[in-house]
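Comments concern the structure below.
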Amino acid sequence: MSIYAAMSRDELLQEYQSVKARFDAGKAKNLKLNMARGKPAKAQLDLATELLTTVSTKEDCIVDGVDARNYGELCGLKCAREYWAEILDCKSENIFIGGTASLNIMFDVISRAYTHGLLHSERPWCKEEKVKFLCPSPGYDRHFRITEFFGAELITVPMNDEGPDMDVVESLVKDPQVKGIWCVPKYSNPSGIIYSDATVRRFANLKPAAPDFVIMWDNAYCIHEFEGEYIPFPDIISLCEEAGKPDMVIEFASTSKVTFAGGGFSAMASSAANIAYFVKLFGVQTISHDKINQLRHVRYLKDKAHTIEHMKKHAAIMAPKFRAVSEALECQIRPCGFAQWNNPKGGYFVSLNTMPGTAKRALALCKEAGVEMTPAGATYPYGLDPQDSNIRIAPSLPPVEELQEAMDIFCTCLKLAALEKLLEV
Ligand SMILES: Cc1ncc(COP(=O)(O)O)c(C=O)c1O
């Protein structure tokens, strides 16, 4: 095999015939493999089984003089707030504990911004002539969909190795219609990069024209190393405070990829003033969240050190899967020279850029051969990748052997789509 760009038409045709034969053989296996979403594998969910019995008697339900079975403590149990404060390296008064998933609080924040405004809004966003929201891309489709759902205009911001391109961000926030930005600062979904310290500082020192500009800092993968030791990360809350913009950032996290996906417990971290503001708004929709679940989690996960130990068990399951992805790409795609990808040390995804104009076709071929992937384009606002190049690989769910089969087909489809384009067949 050699670099496609350097091959003659005859060589490309020969390669096409051999790749097509491999595709047909893969298709004949009638596989049904799924790499579409970043779901933890069953073995990972099994790791936290003991959590289910950490609160099993009526005595277990009492903590710090509070009965976790009753209404109250809208911000969350004291021990739950302390738990997240330690993980996110901020103060417990900066923490609001949500329900079983963080996306829900993110949706609620944007929803309240539209109906009531944020702390420094001059009017609810629904009364603004136009709201624009910055979407570093490739990024997380569900983030983009929340702001699209409420009618914001989504603006793509390119990502580089240090995070979103801050020159672009600093320039765009001069527009008062730009009201916020989505960020996944550690092991970004899907690029896997960790924002550099310089990027984090530039975020804290942003000078947006909109008084209610909000940084939606989704730290979903804050403790999710699968290779190497835990990497500490700067606390954006205190950095924004130091920069004189304490209310500009809202951070989110959950235990969806620590205990049970969608059945963990979530947290929002922000300035005390923002927390007080949201308590007023959220207090209309609920009296309190599930504190028994909070207690189960804190009893099981204990503290940051213990949680990081627990994450090593996840790492032992995840690392071989990411290795399988990397090995397949290195062996089958690297020599062809038409794609680039990352090799992250944490998070849930590998982001791959294939030959422009071929991502959709490659994934359609995958589907035909029984391999389901995140749709091409999903990592860009409105599901439209202008280059038709980016593909998010989510290796967590299938067992390693299935993943190897799926990667074999995926690589074949990448090549077939690239060859079709080069040969215009
Ligand atoms: C960046 C990011 N944020 C949030 C979520 C969902 O988190 P939760 O289950 O807490 O809503 C995911 C899930 O894949 C994610 O990748």
Report task. Tell me which of these residue 222 doesn't satisfy, since it passes every other one: (1) outside any strand (DSSP E or B); (2) away from the ligand (no atom under 13 Å from the Cβ). Result -> (2)
Requested in this report: Determine whether the stretch 357-371 contains at least one residue that is closer than 30 Å to residue 230 by Cα and in the same structural domain as residue 37 (by TED's automatic domain parsing).
Outcome: no
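Okay, residues lined up against (1) within 16 Å of the ligand (Cβ to nearest atom); (2) polar (S, T, N, Q); (3) within 24 Å of the chain's Cα centre (by Cα); (4) not in a helix (DSSP H, G or I):
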| residue | (1), (2), (3), (4) |
| --- | --- |
| 38 | yes, no, yes, yes |
| 45 | yes, no, yes, no |
| 52 | no, no, no, no |
| 79 | no, no, no, no |
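Applying the selection to the stretch 91-113, what residues are away from the ligand (no atom under 16 Å from the Cβ) and buried (at least 20 other Cβ atoms within 10 Å of the Cβ)?
Within the stretch 91-113, the first condition is being away from the ligand (no atom under 16 Å from the Cβ), and the residues that meet it are 91-94, 112-113.
If the condition is that a residue be away from the ligand (no atom under 16 Å from the Cβ) and buried (at least 20 other Cβ atoms within 10 Å of the Cβ), then 94, 112, 113 are the ones that fit.
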Query raised in the report: What are the residues in the stretch 57-68 that are surrounded by 13 or more Cβ atoms within 10 Å (Cβ to Cβ) and in contact with a Cys (Cβ under 8 Å, 6 or more places away or on another chain), if any?
Result: 63, 67, 68
Report task. Considering only residues that are within 15 Å of the ligand (Cβ to nearest atom) and not in a loop (DSSP other than H, G, I, E, B), look in the stretch 206-219 and name the one that is farthest from residue 179 (Cα to Cα). Result -> 218
Report summary line: Filtering helices (runs of 4 or more DSSP H) wholly in the stretch 93-187 for at least 3 residues that are touching a residue at least 40 places away in the same chain (Cβ under 8 Å) and not aromatic (Phe, Trp, Tyr) gives 102-115, 141-149
Report task. Select, from 100, 115, the only residue that is of a type in the set (Ser, Thr, Tyr) and within 25 Å of residue 210 (Cα to Cα). Result -> 115
Query - The lone exception for residue 43 - which of (1) surrounded by 14 or more Cβ atoms within 10 Å (Cβ to Cβ); (2) closer than 30 Å to residue 367 by Cα it fails - result: (1)
Report summary line: Requiring at least 3 residues that are of a type outside the set (A, V, I, L, M, F, W, C) and not assigned by TED's automatic domain parsing to the domain that holds residue 85, the helices (runs of 4 or more DSSP H) wholly within the stretch 225-344 are 304-328
Report task. Please specify each residue of the stretch 347-366 satisfying the condition of being crowded, with 24+ Cβ neighbours inside 10 Å and within 16 Å of the chain's Cα centre (by Cα). Result -> 347, 348, 349
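The values are calculated or read from the model by the stated rules, or taken from the named source; none is laboratory data. Just so you know, these numbers come straight off a predicted model, no measurement behind them. Ideal geometry is used to build each Cβ from the backbone, glycine not excepted, and the neighbour counts take in all protein chains shown.
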